[in-house]
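Student: One structure, as structure tokens, below. Some questions next.
The values are calculated or read from the model by the stated rules, or taken from the named source; none is laboratory data. Everything numeric in this text was worked out from a predicted model, so none of it was measured. FYI the Cβ positions are ideal-geometry reconstructions off the backbone, even for glycines, and counts take in every protein chain you see.
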Amino acid sequence: MKYNFIKKAFFPLLFVVTGHFSFAQSYWQQHVDYKMDIDFDVENHQFQGSQTIKYTNNSPDTLYKVFYHLYFNAFQPESMMDVRSRTIEDPDGRVNDRISKLDNSQVGYHKVNKLQQDGSAVDFIIEGTVVEADLARPIPPGGQTTLSMAFDSQVPVQIRRSGRNNREGIDYSMTQWFPKLAEYDERGWHAHPYVGREFYSPFGNYEVNITIDKDYILAGTGVLQNPNEIGYGYEDEGVEVKRSGKKLTWKFKAEKVHDFAWAADPDYKHVVTNVPGGPDLHFFYQENENTKEWSKLPEITSKAFQFIEKNFGKYPYPHYSVIQGGDGGMEYPMATLITGHRSLRSLTGVTVHEALHSWYQGVLGINESYYAWMDEGYTTYASSLTVAHVFDRNVDWFNNRSYMGYYALAVSGKEEPMSTHADHFETNFAYGTAAYSKGAVSIAQLGYIIGEEARDKALLRFFNEWKFKHPDLNDFVRIAEKTSGLELDWYYDYFVNSTKSIDYGVNKVEEFDGNVLVELVREGDMPMPMDVIVTFKDGSKKTYYAPLSIMRGEKPVKNDLDRVVLPDWKWTHPTYNFQIDGKLDNIQSIQIDDTGLLADINRDNNKWENK
Ligand SMILES: [Zn+2]
């Protein structure tokens, strides 16, 4: 008896311990700590940099090489980005053939003068925007090494995202501006040449010291460490800048980020506001005729942050900065660069969108090359909710734009699966619409499949479980499965990995034996569960719900809904029949999905009316 008791008690304990251990072993990510000293020359738009990266190899693999991105090298005639832009059928209007026309004083570059590993020289070659380096000593699993680099760079004329003298007269938009270690994960290295699209990098801590002409005001990722030293009232609105000497060194620190961006202009106005229970919000812009609406932005952004934190997770950094710069809107850790000559609606829309990337990209370090639709799509979806909240509007209108965008793509003949690597879509149209519109539809429509409450819980849980990590699609699918209790692999297999689309119809309605028989038909290639709303002539409504067999369950009923759960619809069966009690005369209409959440590309056949 006693022996048995011990065995029973011991066994579950062992199981718990090994179960936990194997989980800890299965996920890993690389870690980087950057220190950079930048000496900037505003006369010729060049800078010298010295960089050390303490690199921790948390992978189970020995690394013999490392790769760096040199993004500025894309801004040279005949670069991959230049040729791509001149040969794609629908080039980005900001790029077109402009790179091909840059002269030597206008191009961007990074020249690597020295690369060392723990003091030993490292052999390397530069292949366009990528450094391929053979390590002096391999880094074993769990090993750490220090990589030091000295480089000279020239800031290109602003063409895409980064550069000098943007169209609104901001001097320096310094994004993708330093030699940056590529990411290594369970799929290996991601040393993608820069063609103007997406980013993916390891998390770590950054210490960046920028020495620049004293007239400049800097804004960016991180927290300024030495406002007193440089005589800058960074924390207070309206404090006069008093500075001496020809140049000053701005010292920034940022923790747990995967990028560092900054901007500089002598004419920045700097406004600070606080989100109750949240971060300080900083706004940097040139105050003039065209930026009048910026005065309303602090209050709006604070309202947006409160809504976002409540619905999508807690913002984990002390600051967020909205900075006039760049060529549209682009997200960076703790900051965004946006163009500023905008109406209030446009200014709010772009600020909210870029701020939400702090969640879907900044903190959830999604590999944008493979999952651009997760960061752009989820951001677009969450922006719709947030902007609707800020302006006290109905969210349907905002969401509807994503559905309309996706429908246009689905019937265009140009659609490619969302799982396509972002750089390799045939057209900007197919990439952009897949990432932003179809990506947003994927998450809105998930609410149709599992219920809106389970979807919202899944999003929040996804953030909390995967913050400061690199989740992929499967990590989100598993969480959505756990919060809903339903099987969802089929949804993503169709919607992400294929271009198959949804089209259901009400095929036949007839009275038989005193009851009504309804036949539904699946015209499209993609199966879905069916919500069929029957409206009776007395004004009452009843929902007939046919779950999809491969969901292995039903979404919960909304409490105000009169719902009949029908037998599962098997995906192999093109048609489905069910019965409504009572006479045909009692029925006003029969409609598939009245919420608009089902992405049915042909709605003409969705409703039967009793005329
Ligand atoms: Zn975006």
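Student: Return the pairs, sorted by first residue and then second, in which the second residue is at pLDDT 95 or above and part of a loop (DSSP other than H, G, I, E, B), the first residue lies in region 590-611 and is acidic (D, E) and buried (at least 19 other Cβ atoms within 10 Å of the Cβ), the beta carbons are less than 6 Å apart, and the residues are 6+ apart or on different chains.
Tutor: D600/D503
Student: Only residues that are within 16 Å of I502 (Cβ to Cβ) and assigned to a loop (DSSP other than H, G, I, E, B): list them for region 574-592, please.
Tutor: Selection gives P574 alone.
Student: Another question about this same structure. With respect to T175, is the statement that it is under 22 Å from E331 (Cα atoms) and either β-branched (V, I, T) or modelled with pLDDT under 95 (or both) true?
Tutor: So T175 fits the description; yes.
Student: Please verify whether region 393-415 includes one or more residues that are within 30 Å of S302 (Cα to Cα), more than 16 Å from the ligand (Cβ to nearest atom) and in a loop (DSSP other than H, G, I, E, B).
Tutor: yes
Student: Tell me yes or no: at least one residue of region 369-384 is away from the ligand (no atom under 15 Å from the Cβ), modelled with pLDDT of 95 or more and crowded, with 23+ Cβ neighbours inside 10 Å.
Tutor: No: region 369-384 contains no residue that is away from the ligand (no atom under 15 Å from the Cβ), modelled with pLDDT of 95 or more and crowded, with 23+ Cβ neighbours inside 10 Å.
Student: Examine region 290-311 for a residue that is among the aliphatic types (A, V, I, L, M) and within 16 Å of the ligand (Cβ to nearest atom), and state whether such a residue exists.
Tutor: Step one: filter region 290-311 for residues among the aliphatic types (A, V, I, L, M), giving 297, 300, 304, 308.
Still in the list and also within 16 Å of the ligand (Cβ to nearest atom): 304, 308.
Checked region 290-311: at least one residue is among the aliphatic types (A, V, I, L, M) and within 16 Å of the ligand (Cβ to nearest atom).
Student: Another question, then. I need every pair where a residue in region 564-581 that is without any contact (Cβ under 8 Å) to a residue 60 or more places away in the chain and over 17 Å from K542 (Cβ atoms) has its Cβ under 6 Å from the Cβ of a residue that is among the hydroxyl-bearing types (S, T, Y) and surrounded by 12 or more Cβ atoms within 10 Å (Cβ to Cβ), sequence separation at least 6 or different chains.
Tutor: D568/S549; W569/Y576; K570/S549
Student: Checking the conditions here, which among S105, S100 is in a loop (DSSP other than H, G, I, E, B), modelled with pLDDT of 95 or more and hydroxyl-bearing (S, T, Y)?
Tutor: Values: S100 fails: in a loop (DSSP other than H, G, I, E, B).
That would be S105, the only listed residue that is in a loop (DSSP other than H, G, I, E, B), modelled with pLDDT of 95 or more and hydroxyl-bearing (S, T, Y).
Student: Further question on the same structure: Just checking, does region 345-355 include any residue being more than 15 Å from the ligand (Cβ to nearest atom), over 29 Å from V223 (Cβ atoms) and outside any loop (DSSP other than H, G, I, E, B)?
Tutor: Yes, the conditions are met somewhere in region 345-355.
Student: Would you check which residues across region 267-278 are assigned to a loop (DSSP other than H, G, I, E, B) and either without any contact (Cβ under 8 Å) to a residue 40 or more places away in the chain or surrounded by fewer than 20 Cβ atoms within 10 Å (Cβ to Cβ) (or both) and list them?
Tutor: Once the filter is applied, which keeps residues that are assigned to a loop (DSSP other than H, G, I, E, B) and either without any contact (Cβ under 8 Å) to a residue 40 or more places away in the chain or surrounded by fewer than 20 Cβ atoms within 10 Å (Cβ to Cβ) (or both), region 267-278 yields D267, V275, P276, G277, G278.
Student: Return yes when I366 is of a type in the set (A, V, I, L, M) and either under 27 Å from K292 (Cβ atoms) or more than 11 Å from the chain's Cα centre (by Cα) (or both) and no when it is not.
Tutor: no
Student: Continuing with this model, one more query. When you scan region 318-335, do you find a residue that is assigned to a helix (DSSP H, G or I) and away from the ligand (no atom under 12 Å from the Cβ), even just one?
Tutor: No, the conditions are met nowhere in region 318-335.
Student: Tell me which residues, restricted to region 119-139, are over 16 Å from P179 (Cα atoms), among the small types (G, A, S) and in a strand (DSSP E or B).
Tutor: S120, A121, A136, listed by residue number.
Student: Based on what the data block shows, is G365 surrounded by 24 or more Cβ atoms within 10 Å (Cβ to Cβ), more than 11 Å from the ligand (Cβ to nearest atom), of a type in the set (G, A, S) and over 19 Å from K303 (Cα atoms)?
Tutor: Here the answer is yes, as G365 does meet what is asked.
Student: Restricting attention to region 205-230, which residues are surrounded by 21 or more Cβ atoms within 10 Å (Cβ to Cβ) and over 19 Å from K246 (Cβ atoms)?
Tutor: Result: Y206, V208, A219, G220, T221, G222.
Student: Given the criteria among the polar types (S, T, N, Q), outside any strand (DSSP E or B) and modelled with pLDDT under 95, does T595 qualify?
Tutor: yes
Student: Can you run down the residue pairs with Cβ atoms below 6 Å, 6 or more apart or on separate chains, where the first is in region 370-383 and aliphatic (A, V, I, L, M) and the partner is more than 10 Å from the ligand (Cβ to nearest atom)?
Tutor: Between residues of region 370-383 that are aliphatic (A, V, I, L, M) and residues that are more than 10 Å from the ligand (Cβ to nearest atom), the close pairs are A372/E198; A372/A422; M374/I366; A382/F312.
Student: Out of the residues in region 362-383 meeting the condition of being in a helix (DSSP H, G or I) and of a type in the set (A, V, I, L, M, F, W, C), tell me which one is nearest to N311 (Cα to Cα).
Tutor: In this case the residue turns out to be A382.
Student: Considering region 455-476 alone, what residues qualify as being over 21 Å from K314 (Cβ atoms) and either surrounded by 19 or more Cβ atoms within 10 Å (Cβ to Cβ) or touching a residue at least 60 places away in the same chain (Cβ under 8 Å) (or both)? Steps first, answer last, please.
Tutor: Just the residues of region 455-476 that are over 21 Å from K314 (Cβ atoms), to begin with: 472-474.
Of everything in region 455-476, those that are over 21 Å from K314 (Cβ atoms) and either surrounded by 19 or more Cβ atoms within 10 Å (Cβ to Cβ) or touching a residue at least 60 places away in the same chain (Cβ under 8 Å) (or both) turn out to be D472, L473.
Student: Can you tell me which of (1) in a loop (DSSP other than H, G, I, E, B); (2) more than 16 Å from the ligand (Cβ to nearest atom); (3) buried (at least 17 other Cβ atoms within 10 Å of the Cβ); (4) touching a residue at least 24 places away in the same chain (Cβ under 8 Å) is the one E426 doesn't meet?
Tutor: Status for E426: all satisfied but (3).
Student: Additional query: Any residue at all in region 436-451 that's in contact with a helix residue (DSSP H, G or I) (Cβ under 8 Å, 6 or more places away or on another chain), modelled with pLDDT of 95 or more and more than 24 Å from D531 (Cα to Cα)?
Tutor: Yes, there is a match, as at least one residue in region 436-451 is in contact with a helix residue (DSSP H, G or I) (Cβ under 8 Å, 6 or more places away or on another chain), modelled with pLDDT of 95 or more and more than 24 Å from D531 (Cα to Cα).
Student: Within region 492-526, how many residues turn out to be closer than 13 Å to Q445 by Cβ and either over 23 Å from the mean Cα position of the chain (by Cα) or assigned to a strand (DSSP E or B) (or both)?
Tutor: Total meeting the criteria: 3.
Student: Of everything in region 277-291, what is over 21 Å from T221 (Cβ atoms) and over 25 Å from the mean Cα position of the chain (by Cα)? Give them in sequence order.
Tutor: Selection gives E287, N288, E289, N290, T291.
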